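The values are calculated or read from the model by the stated rules, or taken from the named source; none is laboratory data. This one's a predicted model, so the numbers in the text were calculated from it and none came from an experiment. Ideal geometry is used to build each Cβ from the backbone, glycine not excepted, and the neighbour counts take in all protein chains shown. Just so you know, the surface numbers come from the protein's heavy atoms only, side chains and all, with ligands and any DNA or RNA stripped out. Shrake-Rupley method; radii C 1.70, N 1.55, O 1.52, S 1.80 Å.
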Amino acid sequence: MNFEPNYPSILLSWIALIGGLILLTAGGEFLVSGAAKLAKRLGMSSMLIGLTIVAFGTSMPELFVGLIALFQDHPDILTGNVIGSNIANIGLILGICALITPLPVRFRSVSRELYIVLAATIIVFLAAWYGIFPRFLGFIFFIYLLFYTVQSFSRGLKTDNRLKANNNGVATAAAPHLSVIIAVTSLGLACLPLGSNFFIKGAIDLARHLGVSELVIGLTLAAVGTSLPELASCLAAIRQRQTEILAGNIIGSNLFNLLMVLGFCGLLMPFPISSTLLTRDIPVMFSFSVVLLAILAVQQGLNRLHGFILLASYIGYLYILR
């Protein structure tokens, strides 16, 4: 079903935008909560949950926004949302979290994902050089994502089996009934497409009202809005002192944004990529990823100074978007 309300004023555009954000955030939260409970019910580790299921769940808003933008012929919203979300995940979310508390992270636990993100970023840069994201590249991205996911689950389940063998006889907390888990997950899935549609309509109308390009809207409002589930899950990880899951969620989400969102959308329909991304946004996304890799490799985590630098850099990036 396609929802295309006609907004007569800028006020209704803001209402649609904010309402869409609320639905996206709620949908992402319900989906992540349901997926995590399902994973725990099946006996999977929290680390595996953070790198795969939680990262997948928190990338679902970007996917739904991307699909609606693609089929409504707004490719700048699609690409801007993915690239802007990846920048916001590191600069804004990791920056805020590191300012709240130091984040010890073993580099080897997230190094593979970081290298994949950097490789995918270089490929997207080359695609932007030619001005289009072709279908065959979408196929490659999506197939590799499936390979990565299967491999991650295989490695994670082997580790889990060893842990279970070492903790034989130790009781685990009871999980909610399967029907409750499915209901929560389904509610999240229902909220995401509805929220995405209203959000896209509100964002496009605001861009027209305020004279702002759709690319900037995608890089800012859409990016921050669809990153709210990552922020919520990361704050929860801080409360539970699961800093490696926090970092895994952010890096895994960036990986899913590139491979799943761009890959699946490109597989369905090739889309153009603005040349503006070549000289500004893709290099910024790459730079944030390289800096994060270097910090984790040398420091084995993030401290408050790193958080300040990341957040200040993100604010500086927003300033150049004016």
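Protein heavy-atom surface of region 47-124, 1.4 angstrom probe: 72% of the accessible area is carbon and sulfur, with nucleic acids and ligands not counted. Please find the FRET efficiency linking Arg280 to Ile123, where r is the Cβ-Cβ separation and R0 is fixed at 22 Å, and quote it to the nearest 0.05. The computed FRET efficiency comes out at 0.75.
Amide H to amide H, with H built 1.01 Å from N, Arg280 comes under 5 Å of no residue 5 or more places away or on another chain. In this simple spin-label approximation, Val212 and Ile18 carry label points 7 Å from Cα along the Cα→Cβ vector, and these lie 1.5 nm apart. Phi angles of region 313-320 translate, via the Karplus equation with coefficients 6.51, -1.76, 1.60 and θ = phi - 60°, into HN-Hα couplings of 5, 5, 4, x, 5, 4, 5, 6 Hz per residue; Gly and Pro are given as x.
The slack between Arg108 and Leu189, meaning 0.36 nm per residue of separation minus the straight C-alpha distance, is 25.9 nm. Full extension of the chain segment joining Arg239 with Tyr144 gains 30.9 nm, where the gain is 0.36 nm per residue of separation less the Cα-Cα distance. Close amide-amide hydrogen proximity is noted between Phe133 and Phe271, Ile273, each under 5 Å apart and 5 or more residues distant or on a separate chain (H modeled in the peptide plane; Pro and chain starts excluded). A Förster distance of 22 Å, applied to the separation of the beta-carbon atoms of Phe308 and Thr101, puts the FRET efficiency at 0.95.
Inter-label distance, Tyr130 to Leu11: 5.0 nm, where each label sits 7 Å from its Cα along the C-beta direction.
Solvent-accessible area per residue in region 72-144 equals 40 Å², computed with a 1.4 angstrom probe and all protein chains kept.
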